[in-house]
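Have a look at the structure below, then the notes.
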Amino acid sequence: MKNITHLSNLVIQVRRDILRMVHKVNSGHPGGSLGCTEFLVLLYSNILNKKPNFNMNGIGEDIFFLSNGHISPVFYSVLARVGYFDIKELNTFRMLDSRLQGHPTTHEGLPGVRIASGSLGQGLSVAIGACEAKKLNKDPHLIYSLHGDGELQEGQNWEAIMYASAKKIDNLISTIDLNGKQIDGSTDDVLSMGNLKSKFKAFDWIVVEIENGNDLNEINSGMDKAKSLTGKKKPVCVLLKTEMGNGVDFMMNTHAWHGKAPNDEQLKLALSQNKETIGDY
């Protein structure tokens, strides 16, 4: 793994980006974004085998699809911080004529965005299509995707989950952000999905669990394990157990910050818990 100090500093800086972006326009989704910060920082810094310049076809490199597009603040921040576009553009988040809309869209032409993912439940189907394309092209690289746990309440996922195992899609690593919360409350209260590990295993997937999905070392070990399990005629699911709002004490242990921006006072408090590291945009 790359320098842990640098990655830790990048995590804190991305948190600051998320908070400042949603605060400026008084809209957006900070909770899930903060919960997935460590994962996306590590994915783009250490895990993905990617080329320096973005190409939509993704030939000869790993490809990532963000299915739960409402966590666009963390996605945009990470894309900018690893060099896909100038970090100053983060200042245009959710503004008119910006490429950084609330939910990512491909027609904006933003480097790094491969799917319009405002409507939940579709990303796995798209990722599987890319897996099939890789196989047809005899491209040995992998497809990665990220999904919310509440998103799995959408039925299209389960058609895709069934297809992936039936067709032996073994170049896929799909990660589930398992924070147990969604816009209206806990996932158990809204529509319980029971034991997701058992469900995925019943659909004949390989399952890897990451108990602390906000710890860089655990994520790295878990994703290394997931990668080692590809190519075995089965798709791989990673259950990433995260805390919504991680890194900001008053945003944790509640679903309230799923889609709510902090006010001026709350922003000041949140930023005080995440001191500037590698420079604000």
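Structure notes:
- Residue within segment 25-36 that is surrounded by fewer than 24 Cβ atoms within 10 Å (Cβ to Cβ) and assigned to a helix (DSSP H, G or I) present: yes
Rundown of residues vs (1) on the phi < 0 side of the Ramachandran plot; (2) over 14 Å from the mean Cα position of the chain (by Cα); (3) crowded, with 17+ Cβ neighbours inside 10 Å, yes/no style:
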{"residue": "97", "(1), (2), (3)": "no, yes, no"}
{"residue": "100", "(1), (2), (3)": "yes, yes, yes"}
{"residue": "104", "(1), (2), (3)": "yes, no, yes"}
{"residue": "112", "(1), (2), (3)": "no, no, yes"}
{"residue": "117", "(1), (2), (3)": "yes, no, yes"}
{"residue": "136", "(1), (2), (3)": "yes, yes, no"}
{"residue": "140", "(1), (2), (3)": "yes, yes, no"}
{"residue": "152", "(1), (2), (3)": "yes, yes, yes"}
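- Meets criteria (surrounded by fewer than 17 Cβ atoms within 10 Å (Cβ to Cβ), under 18 Å from residue 42 (Cβ atoms) and of a type in the set (Asp, Glu)) for residue 243: no
For (1) modelled with pLDDT of 95 or more; (2) over 18 Å from the mean Cα position of the chain (by Cα); (3) hydrophobic (A, V, I, L, M, F, W, C); (4) closer than 30 Å to residue 165 by Cα, each residue gets a yes or a no:
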position: 205; (1), (2), (3), (4): yes, yes, yes, yes
position: 213; (1), (2), (3), (4): yes, no, no, yes
position: 222; (1), (2), (3), (4): yes, no, no, yes
position: 263; (1), (2), (3), (4): yes, yes, no, no
position: 274; (1), (2), (3), (4): yes, yes, no, no
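- Segment 1-10: number of residues that are assigned to a helix (DSSP H, G or I) and either surrounded by fewer than 24 Cβ atoms within 10 Å (Cβ to Cβ) or under 10 Å from the mean Cα position of the chain (by Cα) (or both): 6
- Among the residues of segment 69-80, some residue qualifies, meaning at least one is more than 13 Å from the chain's Cα centre (by Cα) and not charged (D, E, K, R).
- Count of residues meeting criterion [part of a loop (DSSP other than H, G, I, E, B) and more than 14 Å from residue 56 (Cα to Cα)] in segment 109-138: 8
- Check on residue 194, within 25 Å of residue 169 (Cα to Cα), part of a helix (DSSP H, G or I) and free of Cβ contacts under 8 Å to residues at least 24 places away in the same chain: no
The values are calculated or read from the model by the stated rules, or taken from the named source; none is laboratory data. Bear in mind that the values here come from a model prediction, so they are computed numbers and not experimental data. Positions of Cβ are generated from backbone atoms using ideal geometry, with glycine treated the same way; all protein chains shown enter the neighbour counts.
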